[in-house]
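Just below is one structure, and these are the notes that go with it.
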Amino acid sequence: MPDISYIPNVFRSGFALDDIKWVTWDEPGRTGVEHHVLWAPDEEAGERSVGLLLRFPPGAHGDFHEHLGHELMLVLDGVLDHSDGISYVKGDLVVEGPGTEHQMSSRTGCTVLAIRTRPAEARTPQKPLRPVGVSAAP
């Protein structure tokens, strides 16, 4: 029988989702981000995608990276800040294609469903980025 996971009411506050295991994402360039793996790549089966719940406490940020495949991000709670200056709020769905580069952060805190079809690779920004924790210009 296939493996089935169930998380009730994933749209409640991400900081109230205490019935799942959160792990600090310890990787260079990341600060404070926690994750819960829904599924992980399985090289033996040829599966390269990953599904994650991400939790950004206020001021947390990911690393700057490039996507080698598509990434889908659904903001479940709070505000997710993109390094290009756009902020996404609860209910916003963002899909970025291969070759896109960004750093995600949250000045207020947020919880996000993230699905990647292929891995991402750390990069060095070639242009100025929106500073982490700074809101976009009005």
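The values are calculated or read from the model by the stated rules, or taken from the named source; none is laboratory data. Values in this document were obtained by computation on a predicted structure and should not be read as measured data. Cβ: placed from backbone, ideal geometry, glycine included. Neighbour counts: every protein chain shown. Surface areas here come from the heavy atoms of the whole protein model, side chains and all, with no ligands, DNA or RNA. Shrake-Rupley method; radii C 1.70, N 1.55, O 1.52, S 1.80 Å.
Figure legend. Inter-residue proximity from segment 31-56: first residues in contact (Cβ under 8 Å) with a residue 60 or more places away in the chain, second residues open to solvent by less than 30 Å² (accessible area, probe 1.4 Å) and polar (S, T, N, Q), beta-carbon distance below 8 Å, spacing 6+ or different chains. Indicated pairs: Pro41/Ser49; Leu53/Thr111; Leu54/Thr111. The single condition from (1) aromatic (Phe, Trp, Tyr); (2) open to solvent by less than 60 Å² (accessible area, probe 1.4 Å); (3) over 28 Å from Arg123 (Cα atoms) that Trp22 fails is (3). Among the residues making up segment 75-116, those that are open to solvent by 70 Å² or more (accessible area, probe 1.4 Å), farther than 17 Å from Arg55 by Cβ and not hydrophobic (A, V, I, L, M, F, W, C) are Asp84, Pro98, Glu101.
Looking only at residues that are of a type outside the set (Asp, Glu) and open to solvent by 90 Å² or more (accessible area, probe 1.4 Å) in segment 1-19, which one is nearest to His61 (Cα to Cα)? This residue is Phe15.
Filtered by the rule that a residue be open to solvent by 40 Å² or more (accessible area, probe 1.4 Å) and either acidic (Asp, Glu) or at pLDDT 90 or above (or both), segment 41-55 gives Asp42, Glu43, Glu44, Glu47. As for segment 56-73, it holds at least one residue that is in contact with a strand residue (DSSP E or B) (Cβ under 7 Å, 6 or more places away or on another chain), part of a strand (DSSP E or B), under 29 Å from Asp18 (Cα atoms) and open to solvent by 40 Å² or more (accessible area, probe 1.4 Å).
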